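Asks: Structure provided below as structure tokens; questions to follow.
Every number here is computed from the coordinates shown, using simple stated rules; none is lab data. Predicted, not measured: the structure shown is a model, and the values here were computed from it. Backbone-built Cβ (ideal geometry, glycine too); neighbour counts: all protein chains shown.
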Amino acid sequence: MHVRPGSIIGEPVSLSGKTALKMKKSTFTFLCISILFLLSSCVSVKEYQKNKLNDADMALSSRKAEKNELNFQSYREGASGANGGKTGGGCGCN
Amino acid sequence: MKKICLSVIGIYLLFIQAFGQTKKDSVKQEQTQEPPVYLDKPLQFEEINLVSSYYNQNGDHSAIQGGVGNEKVTDLSNGLEVKFVAADRDGYKYTLTGGLGIDHHTAASSAWVSVTGSSKTGGTRVYPSLHYTEESPTGKTISFGATYSDEYNYHSLGLEAGYGFKVKKGGEFDTKLNVYLDKVRLIYPSELSPYPVVVSSASNGGSSIPSSPRYTFSGSANYLQIINQRLQAGFFMDIAAQAGYLQLPFHRVYFNNGSVHVEDLPAFRFKIPAGIRLNYFVNDRVIIRSYYRYYMDNWGIMAHTANIEIPVKINPFFSIAPYYRYYTQTASQYFAPYKAHTRKDSYYTSNYSYSAFNSSFYGVGIHTAPPNGLWKTTLSSLDVRYGHYGQTTGLNSNVISFVFVWK
């Protein structure tokens with residue numbers, strides 16, 4: 001059975017180039033509009049009102065305990081970065 | 001009756017007096033307030049973190065054996081980080097962080113670097129690091145760092161520099177530049193090695209095995225924004241370019257005619273990941289942490305990652321946080337499974353990290369931080385986190401991590 005490079009055995013045929021590009025553009029547009037809507041609704045928060053935001057679980061970063069999880073994911077997956085870990089280099093990972 | 005009326009009028013006048021301060025008065029009060037006073041604070045110990053993890057994995061698509069074969073791996077990693085902080089009377093804060101990591105792994109497939117299956121299956125990686133950060137009273141930060149990593153087949157020197165500042169309405173922006181100058185030791189499969197020295201379980205490996213360079217340049221830009229008293233968001237974007245020897249020399253590829261070759265990938269790779277975090281404080285017991293990342297590169301891989309975690313506070317000092325992560329990627333144009341590549345392919349790999357697959361990663365973490373330390377010691381907090389990972393390629397793994405913090 002001939003297997004087309006880029007697919008694994010039994011994988012259905014992928015989307016055509018134009019359809020995939022349309023989906024990428026619409027996903028990108030949706031994300032941009034969502035982000036703009038989110039940022040436009042910002043309010044000023046005084047220091048004494050930040051008790052909830054300063055909770056340790058509210059930190060906008062990955063946890064220390066995720067450090068080695070990010071590491072094994074960079075070896076076992078093709079994607080990396082934008083999560084506090086490396087985007088490449090520093091190890092024999094992807 | 002007169003007394004009651006007078007009392008009511010008196011209370012009303014008191015109310016008027018309490019809220020009678022005009023805007024001008026409050027501004028004048030702020031203007032006459034003393035500026036904050038900073039004191040010199042010499043460099044002193046702040047905290048020690050120890051992160052220890054145990055990882056085990058199983059699968060059937062070892063890249064060393066051309067996309068087939070056992071992928072059993074165990075890894076024990078330990079990372080120690082010590083932080084020192086100083087401050088001066090101008091309000092500047094200085095942080096110096098030193099780290100040392102030691103990982104030891106065993107991998108069943110490593111035995112098959114030698115065609116007889118006699119190569120050593122274990123290895124140790126040591127990686128020290130040093131970081132310096134300076135923060136001004138106005139919220140501007142600059143940072144510098146250096147990392148080094150050493151394992152038998154891979155050496156890395158990393159340098160980084162960063163700059164950040166705060167913006168109005170609760171925003172923070174920071175950027176970072178990273179450079180990794182790596183060397184890949186050219187340990188080929190024994191039947192394909194052009195060098196006379198072959199790694200075996202008895203030998204120490206040859207110092208005569210040459211290395212090939214791999215360079216990584218990346219820049220990251222992050223923006224954090226407070227939306228309201230319960231919601232904040234972060235936007236993260238990296239751009240990375242890699243050049244040099246980007247494959248691994250001990251990965252085999254079998255062509256459809258039965259011939260065996262060393263994995264061959266292009267000497268340039270360009271990556272763009274972009275992510276967003278959204279954290280919401282539902283109430284005093286529940287928080288929602290969410291994350292989404294989109295990734296694309298010029299090797300044809302496009303990936304989506306979505307993660308949700310819900311920490312639940314059982315009491316102020318103990319919380320449980322279940323989580324779920326979903327990941328999906330398309331295959332690289334250079335990937336094909338065992339005996340699927342042909343002589344016409346310019347580049348070829350059978351490493352299933354570059355194949356199309358979905359994965360799920362789920363588990364739970366617990367966090368405890370009693371006010372007087374654990375067991376009345378200087379151990380101020382302990383985190384334990386377990387997760388199970390599974391790919392549609394058949395690879396599955398378990399990881400458990402412990403984080404100890406001493407202050």
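Asks: Please list 3J(HN,Hα) in residue order for the stretch B:336-341, calculated via the Karplus relation 6.51 cos²θ - 1.76 cosθ + 1.60 where θ = phi - 60°; whole Hz, with x for glycine and proline.
Replies: 3J(HN,Hα) across the stretch B:336-341, in whole Hz: 8, x, 3, 6, 10, 6.
Asks: Quick check: pseudo-label points 7 Å beyond the Cα along Cα→Cβ at residue B:392 and residue B:78, how many nm apart are they?
Replies: 4.1 nm
Asks: Here's something else I'd like to know. Taking Cα atoms, how many degrees apart are the long axis of helix B:2-18 and the longest axis of chain B, rounded to 10 and kept between 0 and 90?
Replies: Its long axis makes an angle of about 40 degrees.
Asks: Would you calculate the separation in nanometres between label points at residue B:140 and residue B:270, each defined as 7 Å from the Cα along the Cα-to-beta-carbon direction?
Replies: About 3.3 nm separates the two model spin labels.
Asks: Once both labels are modelled 7 Å past Cα along the beta-carbon direction, what's the residue B:378-residue B:177 spacing in nm?
Replies: Each label point is offset 7 Å from its Cα along the Cβ direction, giving 3.9 nm.
Asks: Counting only other chains, what is the mean number of Cβ atoms within 10 angstrom of the Cβ of each residue in peptide B:397-407?
Replies: Counting other chains' Cβ atoms within 10 Å and averaging over B:397-407 gives 2.
Asks: Does the protein assembly as shown come out rounded, prolate or oblate by the C-alpha gyration tensor, with a ≥ b ≥ c the root eigenvalues, rounded set by a/c under 1.5 and, if not, prolate when a/b is larger than b/c and oblate if not?
Replies: Prolate.
Asks: Here is a further query. Averaged over peptide B:227-234, how many Cβ atoms belonging to another chain are found within 10 Å of each residue's Cβ?
Replies: Mean shielding count: 6.
Asks: Go through the stretch B:127-168 and name the trypsin sites (Lys or Arg not before Pro) that are in a DSSP coil and have 11 or fewer other Cβ atoms within 10 Å of their Cβ.
Replies: B:168
Asks: Ok, one more. Going 7 Å from the Cα of residue B:342 in the Cα-to-Cβ direction, what parts of the stretch B:237-259 have a backbone nitrogen less than 14 Å from that spot?
Replies: B:255-258
Asks: List the trypsin sites (Lys or Arg not before Pro) within the stretch B:275-310 that fall in a DSSP loop (any state other than H, G, I, E or B) and whose Cβ has at most 16 other Cβ atoms within 10 Å.
Replies: B:285
Asks: Okay, moving on. Tabulate in residue order the Karplus-calculated ³J(HN,Hα) for the stretch B:235-242, using 6.51 cos²θ - 1.76 cosθ + 1.60 with θ = phi - 60°, rounded to whole Hz; enter x for Gly and Pro.
Replies: 10, 10, 9, 10, 10, 10, 10, 10
Asks: Only sites in a loop by DSSP and with at most 13 other Cβ atoms within 10 Å count here; which trypsin sites (Lys or Arg not before Pro) in the stretch B:69-119 make the cut?
Replies: Passing both the DSSP loop test and the Cβ count: B:89.
Asks: Distance from a point 7 Å along Cα→Cβ of residue B:102 to each backbone N in the stretch B:123-163: keep the residues under 15 Å and list them by number.
Replies: From the stretch B:123-163, the list is B:123-129, B:150-151.
Asks: Turning to a different aspect of this structure: Where does helix B:23-32 land angle-wise versus the long Cα axis of chain B, in degrees 0 to 90, nearest 10?
Replies: Helix B:23-32 sits at roughly 70 degrees to that axis.
Asks: To the nearest whole number, what is the average tally of beta carbon atoms from other chains within 10 Å of the beta carbons of peptide B:287-294?
Replies: Partner-chain Cβ atoms within 10 Å, mean over residues of B:287-294: 4.
Asks: Sort A:85-93, B:391-399 by packing, meaning the average of other beta carbons within 10 Å per residue, with the highest value first.
Replies: Ranking the peptides A:85-93, B:391-399 by packing returns A:85-93, B:391-399.
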